[in-house]
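Okay, structure first, notes after.
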Amino acid sequence: MSVELNESNRLAKEVLDYKYALDQSAIVAITDQKGIITHVNDNFCKISKYSKEELIGQDHRIVNSGYHTKDFMKDLWRTIANGKVWNGEVKNRAKDGTCYWVDTTIVPFLNEQGKPYQYVSIRCDISDRKKGEEEFQEIMRQIEDYKYALDESSIVAVTNQKGIITHVNDNFCKISQYSREELIGQDHRIVNSGHHSKEFIRALWVAIANGKVWKGELKNKAKDGSFYWVDTIIVPFLNADGKPYQYVVIRLDVTDRKNRELERLKTAQALEMKNRQLVDFCNIVSHNLRAPMSNITMLIDLIKNTENDDEKAEYFNVVEKVSEHLNEIFEELIETVQVKQDAEIALDEINLQEIVNKTVLGFEAQIKLYDAVIETDFEEVPIVYFPQTYMDSMIQNFISNAFKYKSEDRKPIIKIKSEIKEDRVILSVSDNGQGIDMEKHGENMFKIRKTFHNHPDAKGFGLFMTKTQIETMGGEIWVESLPNEGTTFFVSIQK
């Protein structure tokens with residue numbers, strides 16, 4: 001009997017120890033089979049902010065926060081009513097209205113018939129952890145919102161530290177016309193337009209490789225060959241050592257704005273050119289008309305002041321010649337204005353050999369008379385795109401000058417060649433004629449009515465007209481010449 005009593009005492013003490021430990025570490029409540037609270041420990045009162053008197057006799061709806069759905073509560077009650085332990089996280093509301101989270105285990109106690117007669121709820125306060133989770137979820141939600149807004153408004157790509165693309169959004173695929181599969185694993189050379197210099201790209205990479213944010217405008221090329229402009233920000237993401245491990249590239253499509261800027265620039269350049277042309281024209285008019293007009297005025301005064309009919313007749317003949325010369329100048333000026341206004345003249349596909357052959361037919365007499373040689377080399381560039389009328393005029397003028405200013409000591413040799421230099425077509429026409437003193441005449445080479453030899457047919461209009469035609473088409477002309485050795489004209493036009 002004594003042994004049994006000692007064992008009972010031991011068991012009772014052990015139960016009390018377990019209860020003490022549970023009360024110290026957990027939030028405990030006991031309810032009857034209907035869920036009416038019959039016992040709560042101090043921790044329950046402390047967290048719920050209700051006294052024991054306020055809790056006992058109530059059910060757990062007193063701390064119901066309304067957070068959980070009806071299905072959630074039904075599942076809980078269904079589980080414990082069937083004698084099964086339920087475990088889960090519950091959000092409750094304290095007396096002051098604040099909410100708290102508890103990790104809850106509800107243990108049914110069963111009678112002899114296997115039916116619950118009471119429930120013991122053991123809870124742990126996890127409010128701090130849940131608050132951290134909620135804050136984390138809120139941060140993640142905000143990040144997702146930012147990402148959504150960014151993806152909807154911007155062109156986004158992510159690359160590794162070597163520049164290999166690891167992610168692109170739909171806008172990148174849309175503007176570049178490449179699929180994700182075509183872009184991922186490539187670097188950004190896949191959309192490189194070739195517009196920017198090597199120095200520009202190198203400066204970009206130096207900046208981001210040193211962990212600096214790079215901002216600028218880039219011209220890219222889509223899959224179909226079309227170009228687009230993007231206002232770009234490249235943000236390096238740094239590891240613990242301060243070295244970039246990836247780059248996030250955010251772009252905005254500014255193609256329309258850049259096109260408008262380009263149109264405004266073209267318009268401004270066109271206006272500037274028109275202004276220069278107007279100034280040039282005024283200078284030409286002032287320079288070339290002043291002398292003949294003064295001459296006519298003087299002749300009229302002489303006619304008025306003489307009574308001699310023979311002198312009057314002689315003066316009238318001079319006036320007629322000056323008038324013809326003045327009319328010739330006007331015609332030249334009108335032709336010049338027409339060329340300068342003809343900026344939209346259509347381009348023709350020109351076979352250089354054919355156009356030279358046709359032009360040479362008009363010089364057959366000179367070729368036979370002077371035993372001249374005309375050599376051509378159009379192997380590198382046989383076809384060019386230029387107005388047919390202007391090319392005819394240009395070739396005609398160069399060959400005509402070669403014969404007009406040929407050397408008296410040797411037969412004329414004219415060489416015409418085409419080649420590519422720095423993505424431009426360079427057409428050259430050289431002769432072995434009298435040549436020109438460039439130090440003396442270089443500044444006036446292409447000015448109107450400037451001549452450099454005493455030739456009766458020299459008017460000083462051909463080279464001026466040729467230069468006007470070439471520059472109207474966006475080209476350039478220059479000359480190299482040595483006295484008594486010959487002259488080479490160079491014309492640069494678009495490829």
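Over all alpha-carbon pairs in the stretch 154-253, figure out the percentage whose distance exceeds 23 Å. Roughly 19 percent, rounded to a whole number. Peptide packing for 259-270, 216-227 was compared via the average number of neighbouring C-beta atoms within 10 Å per residue; ordered from the highest value, the list is 216-227, 259-270. For Lys84, a cut-off of 20 angstrom between C-alpha atoms picks up these lysines, skipping any fewer than 8 places away in its own chain: Lys34, Lys70, Lys74, Lys115. Quick check: Cα centre of the stretch 217-233 to Cα centre of the stretch 425-439, how many Å? Comparing the Cα centres of the stretch 217-233 and the stretch 425-439, I get a distance of 43 Å.
Can you tell me the FRET efficiency between Ser51 and Thr98 if r is taken as the Cβ-Cβ distance and R0 is 22 Å, rounded to the nearest 0.05? After rounding to 0.05, the efficiency reads 0.85. With a Förster radius of 45 Å applied to the C-beta separation of Asp392 and Ala149, the computed FRET efficiency comes to 0.15. Of the GluC sites (Glu not before Pro) found in the stretch 54-113, those in coil by DSSP whose Cβ has at most 14 other Cβ atoms within 10 Å are Glu112. Dividing the alpha-carbon radius of gyration of the stretch 99-155 by the rule-of-thumb value 2.2 N^0.38 Å gives 2.11.
May I ask for the net charge around Glu314, where only other residues with Cβ less than 15 Å from the Cβ of Glu314 are counted and Lys, Arg are +1 while Asp, Glu are -1? Overall, the nearby charge balance is -3.
Taken over the stretch 18-125, the convex hull of the Cα atoms encloses 94 Å³ per residue.
FYI, it's all coordinate maths here, none of it is from the lab. Computed from a predicted model, the values in this text were never measured in an experiment. Heads up, the Cβs are rebuilt from the backbone with ideal geometry, glycines too, and the neighbour counts pull from every protein chain shown.
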